[in-house]
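Read the structure below first, then the notes.
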Amino acid sequence: MLHPDEPSDTAALQSLDTLFAVPQVSMRLDSLSRAHTAMLMHYLAYWRANREVLLDGHSGRRESTHNMI
C-alpha cells in the first residue's frame, strides 16, 4: 500500500518489486495524488505491455529465479 505522504519515486520501488508477478493495487485509486496516479499508471501500462515476457519468459541460466527480459 502506498503512503500518501511518500514521494512517488519511493513508491515506484514497490511497483518495481511486482514486475515478475501480477500487480495488485490495495488502495482507493480516487484518493491517490496526481504523482502517485501517474507513476502507477506508468508501471501498470509497462506491465500490461510486457506481461508475457515478465510472467512466462525464460532465463538462460538454470539457477536464475527471475525471467530474462
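Working from label points 7 Å from Cα in the Cα-to-Cβ sense, the LEU55 to PHE20 distance is 1.7 nm. Relative to the 2.2 N^0.38 Å rule of thumb, region 8-56 has a C-alpha radius of gyration ratio of 1.12.
Values in this text are rule-based calculations from the coordinates and carry no lab data. The structure presented is a predicted model; accordingly, all values stated were derived computationally and were not measured. So basically every Cβ, Gly included, is an ideal-geometry build from the backbone, and we count neighbours across all protein chains shown.
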